[in-house]
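Here is the structure we will look at, set down as structure tokens.
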Amino acid sequence: MPKIRTHRGTAKRVKVSANGKVSHRHQFSGCGHILSKKTRKRKRHFRKDQPVFAGDLKRFAPQIPYLL
């Protein structure tokens, strides 16, 4: 039986913690324009990773078989 291929694009965007929790970058983490109207707090929160929701995890699971 051949090995299952990992979707490299997903693997680069998703991290799995030691406890098995999956996290990814915030949706607007790369926002590099119109920063003047966004508050400092809002921009600071964009930098942090956020957990992947259970519904999205079902979608990610076949793409990253060896990470989960």
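The values are calculated or read from the model by the stated rules, or taken from the named source; none is laboratory data. Note that the coordinates shown come from a computational prediction; the quantities given were computed from them, not determined experimentally. Glycine also receives a Cβ, built like all others from the backbone with ideal geometry; neighbour counts cover every protein chain displayed.
Assorted remarks:
- Looking only at residues of segment 17-68 that are hydroxyl-bearing (Ser, Thr, Tyr) and out of contact with any helix residue (DSSP H, G or I) (no Cβ under 8 Å at 6 or more places or on another chain), we find that the one that is modelled with the lowest pLDDT is Tyr66.
- Test: residue in segment 4-14 that is assigned to a loop (DSSP other than H, G, I, E, B) and farther than 13 Å from Gln63 by Cα: no
- Gly55 passes every criterion in (1) part of a loop (DSSP other than H, G, I, E, B); (2) free of Cβ contacts under 8 Å to residues at least 12 places away in the same chain; (3) among the small types (Gly, Ala, Ser) apart from (1).
- Criterion violated by Ile34 - all others in (1) at positive phi; (2) part of a helix (DSSP H, G or I); (3) not aromatic (Phe, Trp, Tyr) satisfied: (2)
- Looking across segment 1-16, just one residue is surrounded by fewer than 12 Cβ atoms within 10 Å (Cβ to Cβ) and either touching a helix residue (DSSP H, G or I) at 6+ places or on another chain (Cβ under 6 Å) or among the β-branched types (Val, Ile, Thr) (or both), and that is Ile4.
- Restricting attention to segment 24-68, the residues being out of contact with any Phe, Trp or Tyr (no Cβ under 9 Å at 6 or more places or on another chain), among the small types (Gly, Ala, Ser), over 17 Å from Thr6 (Cα atoms) and surrounded by 12 or more Cβ atoms within 10 Å (Cβ to Cβ) number 0.
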